[in-house]
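Heads up, the thing below is written out as structure tokens.
Computed from the coordinates by the stated procedures, all read-outs in this text should not be read as laboratory data. This one's a predicted model, so the numbers in the text were calculated from it and none came from an experiment. Using ideal geometry, Cβ is built from the backbone for each residue, glycine included, and neighbour counts are taken over all protein chains shown.
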């Protein structure tokens, strides 16, 4: 307790000294303007400025990076990736988890393409903050990505789900009252001319049509699948919804509810989901048969 109090007092003293220096500086500025009649345009940038590179103090733009990576390790994500994903014949010097976490690090630091990994590799302060001697270069990272097959992506997803369960199990009991699973597809246009898998969508644009299954309680992603631009919204959706139901069941949710538009009302699956006790709020396409049933019911 004494040491903590001393640290807080030191910080307060430093802040107070800085405030006093600023007040004195403002007072000197007022005196100069009063005596010399200096115009305000000469105040900023009037003197030569000197920039120095600190030797002992380093800083990064993205605070909390080290903490987030430590959280991933503590929740078992790193170990689960190494246990389930097997892409490399020789781990010299990187494990599969190291490659995956490098991509995560790149995105957390605002990277939008593989080449941005090179910026991180040359940032000494960032390497120190995450406790790394180096991270994969863009060429190596690209080679790692190209090794993935659909089965490998499923293995990576299962590793993420295993860590997700560890996080959920730390939540209070009311968290498990109901799991809300949202599903949707979205047209993503692309300007590429030779990208694999893209096609003309119903909107008449070259695009992809990824499927997104999300956990509405926390806005976390349960599944994301890239698909050709010309596929139906519900293409492969049932299988990924089944996997999402399974993970929520393992977590111990007392109720599971799925939500989506009319494209996901696939009658061949509704009875099965209802038999599992799963509720769903899906739209339903207007049809003469449905209207007739509604008229009779009324």
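Nearest 10 degrees, 0 to 90: what angle lies between the long axis of helix 96-108 and the longest principal axis of the chain (Cα atoms)?
Roughly 60 degrees between the two axes.
Let's test this: bin the Cα-Cα distances of region 171-297 at 10 Å from zero up to the farthest pair and state each bin's percent.
For region 171-297, the binned pair fractions read 12, 36, 29, 18, 5, 0 percent.
In Å³ and rounded to a whole number, note down the convex hull volume per residue for the Cα atoms of region 143-246.
For region 143-246, the hull spanned by Cα atoms encloses 117 Å³ per residue.
Let me know the Rg and Dmax you get for region 65-146 when you use only its Cα atoms, in Å.
12.2, 32
Which order, highest average first, do 80-89, 18-27 follow once you tally other Cβ atoms within 10 Å for each residue and take the mean per peptide?
Going from most to least packed, we get 80-89, 18-27.
Just to confirm my numbers, what's the Cα centroid distance between region 94-152 and region 260-283 in Å?
40
Which of 245, 187 comes first, and how do the rest follow, when ranked by fewest Cβ neighbours within 10 Å?
Taking fewest neighbouring Cβ atoms as first place, the list is 187, 245.
Using the per-residue mean of other Cβ atoms lying within 10 Å as a proxy for protection, in what order, highest first, do the peptides 94-101, 250-257, 265-272 fall?
So the order, starting with the most tightly packed, is 94-101, 250-257, 265-272.
Within the P(r) computed for region 182-238, what percentage of the Cα pairs occupies the region above 15 Å?
When every Cα pair of region 182-238 is considered, 47 percent fall beyond 15 Å.
Using only Cα atoms and rounding to the nearest 10 degrees, what angle (0 to 90) does helix 150-168 make with the longest principal axis of the chain?
That helix lies at roughly 70 degrees to the long axis.
Label region 141-190 by shape, choosing from rounded, prolate and oblate, from the square roots a ≥ b ≥ c of the eigenvalues of the Cα gyration tensor; if a/c is under 1.5 it is rounded, and otherwise prolate applies when a/b is larger than b/c, oblate when it is not.
oblate
How many times 2.2 N^0.38 Å is the alpha carbon radius of gyration of the chain?
This ratio for the chain stands at 1.46.
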